[in-house]
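Below is one structure, written out as structure tokens; the observations come after it.
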Amino acid sequence: MATKKEPIWIARDFSKCSGCRKCEIACSLWHENRIWPEASRIRVFMLVPGVEFPHFCAQCEDYPCVKACPANALSVSDETGAVLVDENACIACGQCIDACPGRIPHMHPTENHILICDLCNGDPQCVKVCQEGSWNVLRVVPRKDYSYGLYARKPEEITRDLVVKIYGEKGEEFL
Amino acid sequence: MIKGYAGKFLEIDLSSGKISETKFSDEILKDYVGGRGLATKILWDRLGSKWEQTDPLAPENLLLFLTGPLTGFFPGGRTCVSGKSPQSNGVVGSTVAGEFGVELKCAGYDGIIVAGEAEKPVYIFVKDSDVEIRDAARIWGKDAKQTVAVLTKECRELLHERFPQKGEWKEPAILYIGPAGENKVRTAVVAAKWTHAAGYGGYGAVMGSKKLKAVVVKGSGPLPEVADMEKVKQLIHTVCEEVYESELWRRWGTGSAGYSVGAKTSSEPVRNWQEEWHDEKSFGVDQFENRVWVKQYWGDFGCPTTCLKVAVVKKGKFKGAITDNPDYELQAYLGTNLGVFTPEENVFLACLIDDLGLCGIQTGNVMGFAAELFQRGILTKEDLDGLELKWGDVEAFAALAKKIAFREGVGDLLAEGTYRAALKIGEKKKRDVLQYAVQSKGIGIGAHGIRSRKDYPEIYSYACSVQGGDHTSTACLPLDDFRSELVMIFNDSAVYCYFNIFGVPRQVKFDFYKAVTGIELTQEDWVNNKAMKILQLQRIMLLLGGPDFKWNPKVHDDNPPRFYEPLPSGPYKGKSVEKAEVRKEVMRYYEAVGWDENGIPKPETLKRLGLEYAEKALDRLH
């Protein structure tokens, strides 16, 4: 019998991201058995070259996406703390996208349901590949009472911060 | 249909605006694979009969953007750009790193074949099967960073407008040209992500001649189905495990070589190859790392090496310059070759070259050539529009690079590349300046010299290569050596980054090919048959040449004169290569690849390879 899992969080260190997109490959292989960047639950954005970062669910403390779902298709896993999508119940209305402060959920390219990180049932594949290559952008940590929702931000907002961190003031010219 | 391929190619005629799809038979794909190999076949079939008359910068030329079956699967994504080269008048399979090839396959296409010439500047936007030719007036004239910023914003807005149900759209992949390509500079690149470039071949000029500013692609599908997904997953792991052990390229990229190839192997171009040795510790990789790197690991789709490093100049005159590392080739060609030995100056020049859309290697080669002519008093300050082109004067070289990109004054002459510029200057000055041109077949030689014999190229590598001075495609015996052009053709045809095969057992790439396509392939079959076929076709088209000139193997299958001068300094002082020895090796290479004593493919060689269709063209070579 499987032991009870502890809720986890994926700590993220954006400025170390190499843009290798191995997380997208691992995620789509795990969930779709294909290499499929647009169906990956974690997506690397590169709105400015050199300023890549992974964009994926932050498991906000108040789970606004779950609350916004009109079809009861979203739930929170007791075991891992992940948002789970009931693919049959999902009506692909996109209300969870609007409810998410980071507009992180996105629609499956061919199926009629939303994509949200499910933490791979407690063993996130993206973290594994990021660690194997020692980039260490992603790391699994125990979920605590921290303000994780702060990380649910739009790609443009994250880019705006990182571009200055990496390139200095000049970075703003590239937005 | 063979697995691993999307199964169709886009055909876009910019003259008529016609967009259609085409397919190639399984036999063609089995034989020519993709990328460089398939480009060679397409160009032969469509332009071969009129090759000599085809001006690379006229609408008749084709511009090819091709993936290969391993693109996206083998770690380290790339795209192959080809066409008739405005540098060599032959075919160069020029590859550029990035996500473009992956996006294209995910959009359902293995490649794009562009013909004709648009009336006004345009760009191509591909979103899955929606393909359109769009106005590029507002980005024509813009530099690399501005172009990427505008297109990223514009195309994401289009995606959000047209497909709002998706949520947030990731940026599409972009290949573009800078001002240099627009102005048909023969040392212009097809670029991606500010700093990545398909440099060898000069295809930026071809793109500019078609008034095509960029190609933008978003593919929302998966990569094509493969023959054995479990095996593919396992092989990705095998490749990555090997690469993770590579301290050299993971840690420093090729950037540790800016010091060591000069100081240790003594094979780095210094002041237009007048020397190949330096011991400038100011150019050590530690200085780059500690002073300008802001990101140590930067890479492209699926790459375990992430050999690029993002560099920013933080203070001083060149504050705000941004580029990658630079890598070894640009440390050499925009550093030591111009007498520049500090990271900040090198980053500044590399940044400018990127922004202008120039090739760092070819432009560094032609600027070094011009500076030596200035040193020797052959080109005067007046000839150079008032520039004093002194070694190490980074601002003078920056001014010259801009003149080249915009074809202003003397820049118009140098924009023709080293070989053509040398012919013109020689005519004007009534003396031989080709002796200072360090190139082969119109292509400036990569930054790895042969005189010390401590670097990887052989003394005949550049002389015999079907891609001239290209350091990523060197002729080498035995033909199955890891440095052999025939072996390298696989990387450029299956289309992935060959930096991820070092240290990996050579069979792995063929295992990978089988896991993706389902087709068995051995090194022996590849080298002796398939790659050999591609090589022969490339050789024939290189020798057909035209329209401005034609190579004569007796004269041009040779090293640049500089390589016969003894090294003047360093641990290998006095070493050089002997002309007679090179000639002997060239003949040995001819024999191995089935060429006659004049360097022309023998009819029986073509017969053996099933290239009877190319036999008739041999008459045009004699």
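When Rg and Dmax are taken over the Cα atoms of the protein assembly as shown, they come to 26.1, 89 Å.
In straight-distance terms, cross-link reach from B:Lys8 covers every one of the aspartates and glutamates whose alpha-carbon lies under 16 Å from its own, apart from those fewer than eight places away in the same chain; here that gives B:Glu21, B:Asp26, B:Glu27, B:Glu103, B:Asp110, B:Asp128, B:Asp130, B:Glu225.
Within the range B:374-444, the proportion of C-alpha pairs whose separation exceeds 17 Å stands at 44%. Ordered from longest to shortest, the equivalent ellipsoid semi-axes for the range B:485-622 are 30, 25, 13 Å, each the square root of 5 times a Cα gyration tensor eigenvalue.
What's the average, rounded to a whole number, of partner chain beta-carbon atoms within 10 Å of each residue's beta-carbon in B:163-173?
Mean inter-chain Cβ contacts per residue within 10 Å come to 6.
Distance from a point 7 Å along Cα→Cβ of B:Lys314 to each backbone N in the range A:159-175: keep the residues under 14 Å and list them by number. Counting backbone N atoms under 14 Å from the label point, the list is A:165-169. Pairwise alpha-carbon distances in the range A:1-75 exceed 14 Å for 71% of all pairs.
Counts of other chain beta carbons within 10 angstrom of each beta carbon in peptide A:35-47 average 6. Here the ratio of the Cα radius of gyration of the range B:50-96 to 2.2 N^0.38 Å is 1.36.
Where q = 0.13, 0.23 Å⁻¹, what log10 of I(q)/I(0) comes from the Debye formula for the range B:287-374, counting one point per Cα? Debye output, listed in q order: -0.41, -1.11. Summarising the overall dimensions of chain B from its C-alpha atoms, the Rg and Dmax are 22.7, 70 angstrom. Ordering A:81-94, B:28-41 by mean Cβ neighbour count within 10 Å, with the highest value first, yields B:28-41, A:81-94. Within straight-line reach of B:Lys210, meaning a Cα separation under 16 Å, sit the following lysines at least 8 residues removed in sequence or on another chain: B:Lys18, B:Lys84, B:Lys120, B:Lys184. The GluC sites (Glu not before Pro) found in the range B:69-166 that occupy coil by DSSP, while having at most 11 further C-beta atoms within 10 Å, are B:Glu119. The stretch between B:Glu520 and B:Arg431, if pulled fully straight at 0.36 nm per residue, gains 26.5 nm over its current Cα-Cα span.
How big, on average over all directions, is the shadow cast by the Cα convex hull of the range A:8-170, in nm²? Dividing the Cα hull surface by four gives the mean projection, 9.3 nm². Working value for the range B:468-521: equivalent-ellipsoid semi-axes of 20, 11, 11 Å, each the square root of 5 times a Cα gyration tensor eigenvalue, largest first.
Across all C-alpha atoms in the range B:9-218, the radius of gyration and Dmax reach 15.8, 52 Å. In this label model, B:Lys584 and B:Tyr613 are separated by 4.2 nm, measuring between points 7 Å along each Cα→Cβ vector. With the highest mean first, a sort of the peptides B:305-318, A:55-68, B:501-514, B:366-379 on other beta-carbon atoms found within 10 angstrom per residue produces B:366-379, B:305-318, A:55-68, B:501-514.
Look at the stretch B:142-154: the mean tally of other chain Cβ atoms within 10 Å of its residues' Cβ atoms is 2. The aspartates and glutamates whose alpha-carbon is closer than 20 Å to the alpha-carbon of B:Lys50, local same-chain residues fewer than 8 away aside, are B:Asp13, B:Glu60, B:Glu117, B:Asp548, B:Glu612, B:Glu615, B:Asp619. Calculated translational diffusion coefficient of the range B:1-72 (20 °C, 1.002 mPa s; Stokes-Einstein with Kirkwood radius over alpha-carbon pairs) equals 160 µm²/s.
Approximating the spin labels as points 7 Å out from Cα along Cα→Cβ, the B:Glu154-to-A:Ser134 distance works out to 4.3 nm.
All distinct Cα pairs of the range B:246-437 go into the 1/r average, and the inverse of that average, the Kirkwood radius, is 16.8 Å. A protection proxy built from the mean count of other Cβ atoms within 10 Å ranks the segments B:329-338, B:529-538, B:144-153, most packed first, as B:329-338, B:529-538, B:144-153. If r is the Cβ-Cβ distance from A:Ala68 to B:Val555 and R0 is 51 Å, what FRET efficiency results, to the nearest 0.05? That pair, A:Ala68 with B:Val555, gives E of 0.10. Applying the criteria of a DSSP loop state and at most 12 other Cβ atoms within 10 Å to the trypsin sites (Lys or Arg not before Pro) of the range B:425-456 yields B:Lys430, B:Arg431. For the range B:420-539, the pair-distance distribution built from all alpha carbon pairs, in bins 5 Å wide starting at 0, is 2, 10, 18, 20, 16, 12, 8, 5, 4, 2, 1, 0 percent.
The numbers here are math on the coordinates, done by the rules we state, and not lab data. Here the structure is a predicted model, which is why all the values come from computation and not from measurement. All Cβ positions, even for glycine, are placed from backbone atoms using ideal geometry, and neighbour counts span all protein chains on display.
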